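So the structure is just underneath, and the comments pick up after that.
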Amino acid sequence: MANPAKRVSDNVPGDYFVDSTCIDCDTCRQIAPSTFAEGYGHAFVHRQPQSAADRRTALHALVSCPTGSIGTIGADDPRSVMADFPLPIEGNVFYCGFNSQKSFGGNSWFVQHPQGNWLIDSPKFLPQLVRKFESLGGIARIFLTHRDDVADAAKYAERFGAQRIIHRNEASSQPGAEVILEGNEPQELAPGFVAIPTPGHTLGHCVLLVQDRYLFTGDHLHFDRDGKKLEAYRDYCWHSWPKQTASMRRLLDCRFEWVLPGHGQSVHLPEDEMHRQLAELTERMSA
Ligand code: SF4
């Protein structure tokens, strides 16, 4: 739990605060931008939540903070929102919350499906979330985009008897993974679920395209909130920027309306606009 004695000085006065243990992962700003903003190397409360809805959203950010760096000294009880997770995004797609410090606060996602549910990357392993996954039909497959964001995937696989899916070049991060992807060609893992190798951020990075609508992008692609455009993290490209650029160009052949990243902002855009922005990003990366 956050320590009021360690409040960062930028917080506006009031119940909610961020303390100095913040690792600046951006999770709270994605969930509750009306409450949290970006300071110099940390988040801070730029406006105290006013409405009941704002307070609930701020609590969602509080419980999803990987380092427990958000606190409230008021009557709001974080336990009151635990059962809200996973949070609905659209249709059968959910955001898991409870981001793990093991993945530097990476997002993870849940897709409910009649032939077995999917987890994309991994949240913290917590009893509350396990119970909710159980109530939604369990987990059949865990798609791991790359080595950095595996977090507690092994625990979820063991608990639910799920298959972990990861590329050969990332597999050392997940010993015992049940399905190993090979090579660089897209592969349909189940009807409507296509794994697309996107080497660049890491050598074996893959994204998952679901139903030609949702693209789970790991650390390959995200939305820049301030610039209002698709973007890639050059400063966090661990393997090869030219390869990441080529991988981005390959996505121009795909149709999708949602980008749901591990790190960074998610976004929903009309398909044509998504394609236009992706083409622009590819040009910027090439330059
Ligand atoms: S979620 Fe927590 S660690 Fe991440 S930016 Fe917000 S306060 Fe900092």
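What follows is calculated from the coordinates using simple rules that are stated; it is not laboratory data. Predicted model only: the values in this text are computed from it and were never measured. Virtual Cβ from ideal backbone geometry, glycine too; neighbours counted across all protein chains shown.
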- [ ] Among the chymotrypsin sites (Phe, Trp or Tyr not before Pro) in segment 161-250, which ones are in a DSSP loop with at most 12 other Cβ atoms within 10 Å of the Cβ? Mind listing them?
- [x] TYR236
Task: Phi-based couplings in Hz for segment 210-227 (Karplus 6.51, -1.76, 1.60; Gly and Pro marked x) - done: 10, 6, 6, 9, 10, 10, 8, 10, x, 10, 8, 8, 8, 9, 7, 4, 6, x
Open item on the list: Running a GNM on the chain with Cα contacts under 10 Å, which residue among LYS124, LYS243, LYS228 ends up with the highest mean-square fluctuation?
Closed with: LYS228
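With each run of n ≥ 4 DSSP H residues scored as -39500 (n - 2.57), what mean residue ellipticity at 222 nm is computed for the chain after dividing by its residue count and rounding to the nearest 500 deg cm²/dmol? Walk me through the intermediate numbers first.
On the way: 6 runs with 61 residues, N = 287.
Value at 222 nm, helices only: -6500 deg cm²/dmol.
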- [ ] Select from SER266, SER100, SER135 the residue whose mean-square fluctuation is largest in a Gaussian network model of the chain (Cα-Cα springs shorter than 10 Å).
- [x] SER135
Task: Backbone HN-Hα couplings from phi across segment 91-103 [Karplus 6.51/-1.76/1.60, Hz, Gly and Pro as x] - done: x, 9, 10, 9, 9, 6, x, 6, 4, 9, 5, 4, 10
- [ ] Compute the signed sum of charges (Lys and Arg +1, Asp and Glu -1) over the other residues within less than 12 Å, Cβ to Cβ, of HIS167.
- [x] 0
Task: Among ILE142, ILE166, ILE89, residue whose mean-square fluctuation peaks in a GNM of the chain (springs only between Cα atoms under 10 Å) - done: ILE89
Open item on the list: Tell me which DSSP H helices of the chain clear both cut-offs, 15 Å or more of axial length from alpha-carbon atoms and a mean Kyte-Doolittle hydropathy of at least -0.5.
Closed with: 52-64
- [ ] Distance between Cα centroids, segment 39-81 to segment 247-265: provide it in whole Å.
- [x] 29 Å
TODO: Tell me which residues come under 5 Å, amide H to amide H, from HIS167 once H is placed; ignore anything under 5 positions away on its chain.
DONE: LEU181
TODO: Based on other C-beta atoms within 10 Å, arrange SER172, SER9 from fewest to most.
DONE: SER9, SER172
Task: Two-site FRET efficiency, LEU252 against GLN187, from Cβ-Cβ distance with R₀ of 25 Å, rounded to 0.05 - done: 0.85
